[in-house]
Amino acid sequence: MEVNFNNAKFSTDYSFASARSIVRTLSDAFSKQYCDTKGAIRYAAKATAGRCLYCGQPLYSLKSQIPVFSNMIHYDHIFPASKFNLFEVGNVALACETCNLAKSNRLPMEYYDMRTTEGGPLFIYERDEFEAFLNDMIKPYVDKWPNHYKASFETLDDIQLKEKLTELLYNPVSLEAANTRYNHEHSVNWTTWELVIKKAYDTYTPLTAKDVEGRIGYTNELFEEIFGHDVLIEDCKINELKAFTDKLLLSKYDSKNEIQKYRMLLKILTEVLNESLMQGQLDDFYKKIPTYSKINKNK
């Protein structure tokens, strides 16, 4: 659908939070259709070597070139979406949960100064050095979307807000895209992952099923990293699936709890593939997926 602002009402009847949520929704919808969202994440991870941009906490490590992500990882809009900014290369940073929530819709240097005042740990301690690092990191975004970046520093009344929305985000934009995340929902294998999630909720308690669902994003990202973004899981050969499952578990080998949860996900995936897509080709496949003790033994 096209976004039409001709009949839109932006008035003091809206609370600040409501107006901010409108801008955030439109910015996210725009980003998913016109920005390199996956490239933004890769760029962010490389820029800070897997650390939180603000406090410096490591958020993933590299083992055998496979990224091992922490459950605490967030993707932060360096310049906030609530100020018209986009989920685009150069405006996305890895952030720990604490920093992302505390930063809220603050500008990056504003949040840096707040952390300095509070005496919290910092990714880069010298203010001038951090600002120079930040300016270098955001350059691709500033060059590509200069008007969005400049809008971060503007204070707008209701009429100006409407004009700025129309100027920056009218393209047209499908609002449906605003309700999905940046990762596995866009995968060609999302239909398969939906079947996995359904089977998890049909088979286990809601808490256990939620554990499985929460691990699909990383599993799918690793699959796409190995095979590409347009390969269907059911088109893989069995030995390719075996290599993939081994890599997935090896990337988690330092946590027995994580391996058990990923094995649970792989068990359900095996069942879904066997029943719906591969028609018995994976009989006994799950039994060959290594356990924590087998992986440790081989280490």
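The values are calculated or read from the model by the stated rules, or taken from the named source; none is laboratory data. All values reported here derive from a predicted model rather than from experimental measurement. Note that each Cβ is placed from the backbone with ideal geometry, even for glycine, and that neighbours are counted across all protein chains shown.
Among residues belonging to the stretch 123-147 that are crowded, with 17+ Cβ neighbours inside 10 Å and assigned to a helix (DSSP H, G or I), point out the one that is farthest from the chain's Cα centre (by Cα).
The initial filter retains those residues of the stretch 123-147 that are crowded, with 17+ Cβ neighbours inside 10 Å, namely 123-124, 130, 134, 137-138, 140-141, 145.
Those still in the list that are assigned to a helix (DSSP H, G or I) too: 130, 134, 137-138, 140-141.
Working: Phe130: 24, Leu134: 20, Met137: 18, Ile138: 18, Pro140: 19, Tyr141: 18 Å.
Out of the qualifying residues, it is Phe130.
Identify the residue in the stretch 200-240 that is among the charged types (D, E, K, R) and within 21 Å of Lys288 (Cα to Cα) and, among all such residues, is surrounded by the most Cβ atoms within 10 Å (Cβ to Cβ).
Arg215
Part of a helix (DSSP H, G or I) and under 30 Å from Gly39 (Cβ atoms): does that describe Lys294?
Answer is no for this residue.
Name the one entry in Ala49, Ala40, Ala44 that is surrounded by fewer than 19 Cβ atoms within 10 Å (Cβ to Cβ) and at pLDDT 85 or above.
Exactly one residue qualifies, and that residue is Ala49.
Restricting to the stretch 256-299, name every residue that is free of Cβ contacts under 8 Å to residues at least 40 places away in the same chain, more than 19 Å from Trp193 (Cβ to Cβ) and either in contact with a Cys (Cβ under 7 Å, 6 or more places away or on another chain) or charged (D, E, K, R) (or both).
Lys256, Asp283, Asp284, Lys287, Lys294, Lys297
Within the stretch 166-199, take every residue that is modelled with pLDDT of 75 or more and assigned to a loop (DSSP other than H, G, I, E, B) and give me the one that is surrounded by the fewest Cβ atoms within 10 Å (Cβ to Cβ).
That would be Val188.
Please give the number of the condition Gln281 fails out of (1) modelled with pLDDT of 85 or more; (2) over 19 Å from the mean Cα position of the chain (by Cα); (3) over 17 Å from Thr191 (Cβ atoms).
Gln281 satisfies every listed condition except (1).
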